[in-house]
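Worksheet for the structure shown next.
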Amino acid sequence: MFDSVIIGSGPCGISAAIYLKRFGFNVLVIGKDYGTLSINTLIENYYGIESINGIDLIKKGINQAKNLGINVLTEEVVKIEMGNGFTVSTNKNVYACKTVLIATGMKRTTLKIEGLKDFEGRGVSYCAVCDGFLYRKKRIGILGTGEYMKSELEVLKRFSNDITVFTNGEDVDLDENVVCEKIIKIEGENHLESVVCENNTYDIDCLFVAVGVANGSSFARHLGILMDDKEHLIVDNYMTNIPGIFAGGDIIGGIKQIITAASDGCSCAYKIKDYLKEK
Ligand SMILES: Cc1cc2nc3c(=O)[nH]c(=O)nc-3n(C[C@H](O)[C@H](O)[C@H](O)COP(=O)(O)OP(=O)(O)OC[C@H]3O[C@@H](n4cnc5c(N)ncnc54)[C@H](O)[C@@H]3O)c2cc1C
């Protein structure tokens, strides 16, 4: 069992890992990609570095961690579960740990589909574990294409066998009933009733949105972590309201710069150390 699994290999996650490793803890970092800084941008305001490409800075951080003996994996986290400690599931594996640090940044997929926002809480949901039971034996729609969608789909299958996957125009290879048409709008009276696509209208009772990659707010919804109205995770001394789950960097809001994310990483490591020592 890892002392800590860090989700995110950006400035916050890597900084936390470096400190935790130095404290002597057994730590694993999982990052899906180069995060916010994968956008090709020049960084000219980071202490001690006059000018560097964002991706080069991130690569340097990851290499620095690896050279210290830290395990940094390129995998996509789809789920965090509580039990005896925590389990972090990726598209490849499941990792058990005593603490989790969510350092996923704020990159998120925004969807502009007419009606989607209007039916939030009235048929549109972003959390299968939270709301799936409301639609037991009903006609369930799920929107998405990737690993995150598949993980939500597995949860929904426990509640109904009438499930349609909407891909909004993309092709996916699945055994389920798949609609690959572009979605025009979501319709209904008081509650969602149908998804209107380019060529057909599909009557369903609910639509679970699982587009792109699971991010900090998806994990928060599943676990009951408190968020503010901008979906930043609320922390007290870097710990969320779930003991053992910490968060730092852009996902907790604030100034949202590399230097503050790295600083959060260091602070998170100290708080995780204190938490693990008390246990
Ligand atoms: C265009 C642009 C330019 C910027 N320029 C500057 C600048 O010049 N100077 C500056 O200081 N700041 C700049 N910033 C801000 C800076 O990039 C962020 O504040 C900083 O990267 C936040 O660090 P973080 O560790 O919180 O998150 P990120 O750097 O976003 O890292 C998030 C990590 O989480 C991982 N992740 C997310 N979801 C999952 C998942 N489900 N499974 C596995 N891994 C996951 C990602 O792969 C990534 O490794 C810029 C931001 C943008 C968008």
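The values are calculated or read from the model by the stated rules, or taken from the named source; none is laboratory data. Here the structure is a predicted model, which means the values were calculated and not measured. No Cβ is skipped: glycine too gets one built from the backbone with ideal geometry, and neighbour counts run over all protein chains shown. Keep in mind that these areas ignore ligands, DNA and RNA; they rest on the heavy atoms of the full protein, side chains included. Shrake-Rupley method; radii C 1.70, N 1.55, O 1.52, S 1.80 Å.
Points worth noting:
- Some residue of the stretch 33-45 being away from the ligand (no atom under 11 Å from the Cβ) and either crowded, with 16+ Cβ neighbours inside 10 Å or not charged (D, E, K, R) (or both): no
- LEU20 passes every criterion in (1) part of a strand (DSSP E or B); (2) aliphatic (A, V, I, L, M); (3) away from the ligand (no atom under 13 Å from the Cβ); (4) open to solvent by less than 40 Å² (accessible area, probe 1.4 Å) apart from (1).
- Among the residues making up the stretch 71-109, those that are more than 14 Å from the ligand (Cβ to nearest atom) and among the β-branched types (Val, Ile, Thr) are THR87, THR99.
Matching residues to (1) at pLDDT 95 or above; (2) closer than 18 Å to GLY85 by Cα:
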site	(1), (2)
MET227	no, no
THR240	yes, yes
GLY249	yes, no
GLY254	no, no
ALA262	yes, no
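- The residue list TYR202, TYR275 contains one member that is closer than 20 Å to ASN26 by Cα and aromatic (Phe, Trp, Tyr), which is TYR275.
- Residue list for the stretch 117-170, filter: aromatic (Phe, Trp, Tyr), at pLDDT 95 or above and assigned to a helix (DSSP H, G or I): TYR135
- Residue in the stretch 234-252 that is of a type in the set (Gly, Ala, Ser) and assigned to a strand (DSSP E or B) present: yes
- Just one of the listed residues (GLY253, GLY224, GLY249) is within 11 Å of the ligand (Cβ to nearest atom), in the same structural domain as ILE52 (by TED's automatic domain parsing) and either without any contact (Cβ under 8 Å) to a residue 60 or more places away in the chain or surrounded by fewer than 18 Cβ atoms within 10 Å (Cβ to Cβ) (or both), namely GLY253.
- When we screen ILE55, ILE49 for residues that are open to solvent by less than 70 Å² (accessible area, probe 1.4 Å), over 23 Å from the mean Cα position of the chain (by Cα) and more than 9 Å from the ligand (Cβ to nearest atom), the only hit is ILE49.
- Complete set of residues in the stretch 198-219 that are without any contact (Cβ under 8 Å) to a residue 40 or more places away in the chain and in the same structural domain as ILE242 (by TED's automatic domain parsing): none
- Total residues in the stretch 174-204, condition closer than 26 Å to HIS222 by Cα and outside any strand (DSSP E or B): 6
- One residue stands out in the stretch 256-279 among those that are closer than 15 Å to SER15 by Cβ and without any contact (Cβ under 8 Å) to a residue 40 or more places away in the chain: the one that is farthest from the ligand (Cβ to nearest atom), namely LYS271.
- Counting only residues that are within 11 Å of the ligand (Cβ to nearest atom) and open to solvent by 40 Å² or more (accessible area, probe 1.4 Å), the stretch 58-70 holds 0 of them.
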